There are 2 protein chains.
Amino acid sequence: MNDWNRDNSIAQFIRQRRKELRLTQVKLSDTTGVGLRFVRELEQGKPNLMTNKINQVLLFFGHELSTKPISDSTGRNMGK
Amino acid sequence: MNDWNRDNSIAQFIRQRRKELRLTQVKLSDTTGVGLRFVRELEQGKPNLMTNKINQVLLFFGHELSTKPISDSTGRNMGK
DNA sequence: TCATATTATACCTTTTTGGGTATAATATAT
DNA sequence: ATATATTATACCCAAAAAGGTATAATATGA
């Protein structure tokens, strides 16, 4: 078992969309052009990934990396 | 000159927020703990960056990496 | 159950990032 | 204009990602 973040929202998004389209990891790897290992690390929430590779996959789903505010449990915005 | 994407939205976000707080790249580098070189590559829109490093900077601004739909000029959603 | 498909883990290699530093270019202020 | 501060570019090095492949584990279906 690795110590990656399974409920990483990006990871979840990818896996969910992939399953909705009934694609295997292999298929997604082929069609997006990233390695199979990368698809797995991505879906399993490996913390350190290359943004261009992620975007390469997200593009297939019509998405891209962006930023969003972090809110705590009360909905308050954090940070400077 | 490099061929990076200057109007990368994440890059723009970082630089804009940094300037609003009147911080130098050096200051931001120090306070976030990432290297100065990284801050520069980030703001200049280098496409291949490690997500954890970006998040390390975004956290300071109360943000984090996420995904968003790509829309064309008409506002239509793209992709599968 | 049993065979197959899909996903997960482990090992090795190549490639590239990120850090640091030094230097050059640009912006800012007096 | 000129001194200073800030940002940009170029170099090398260590550390780590991504790819490939092989094997194990798990899920799926007949």
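The residues neighbouring B:Thr51, those whose beta-carbon lies less than 11 Å from its own, together hold a net charge of +2 under the Lys/Arg +1, Asp/Glu -1 convention. In this assembly of identical copies, the label point of B:Ser9 (Cα plus 7 Å along Cα-to-Cβ) is separated from its counterparts by 1.3 nm, sorted shortest first. Summarising the amide proton neighbourhood of B:Ser66: residues at separation of 5 or more, or on other chains, whose placed amide H is nearer than 5 Å comprise A:Ser66, A:Thr67, A:Lys68.
Which FRET efficiency, nearest 0.05, do A:Ser73 and A:Leu36 yield, Cβ-Cβ r, R0 35 Å? Plugging the Cβ-Cβ distance into 1/(1 + (r/R0)^6) gives 0.40.
Using a cut-off of 12 Å between alpha-carbon atoms, which aspartates and glutamates can reach A:Lys68, once sequence neighbours fewer than 8 places away in the same chain are excluded? Leaving aside aspartates and glutamates fewer than 8 places away in the same chain, those within reach of A:Lys68 are B:Glu64. Placing a label point 7 Å from Cα along the Cα-to-Cβ axis, B:Leu59 is separated from the same position in the other copies by 3.0 nm, shortest listed first. Using Cα pairs closer than 8 Å and at least 6 residues apart in sequence, work out the relative contact order for region A:9-60, in percent. 39 percent. Label point of B:Gly33 (7 Å along Cα→beta-carbon): distances to the other copies' equivalent points are 3.5 nm, sorted ascending. Pairs exceeding a 31 Å alpha-carbon distance, out of B:Lys53/B:Lys80; A:Lys80/B:Lys80; B:Lys19/B:Lys46: A:Lys80/B:Lys80.
Each reported figure results from applying straightforward, stated rules to the coordinates on display, with no laboratory input. Quantities reported herein were computed from a predicted structural model and do not represent experimental measurements. Don't worry about glycine lacking a Cβ; one is built from the backbone with ideal geometry, like all the others, and counts go over all protein chains shown.
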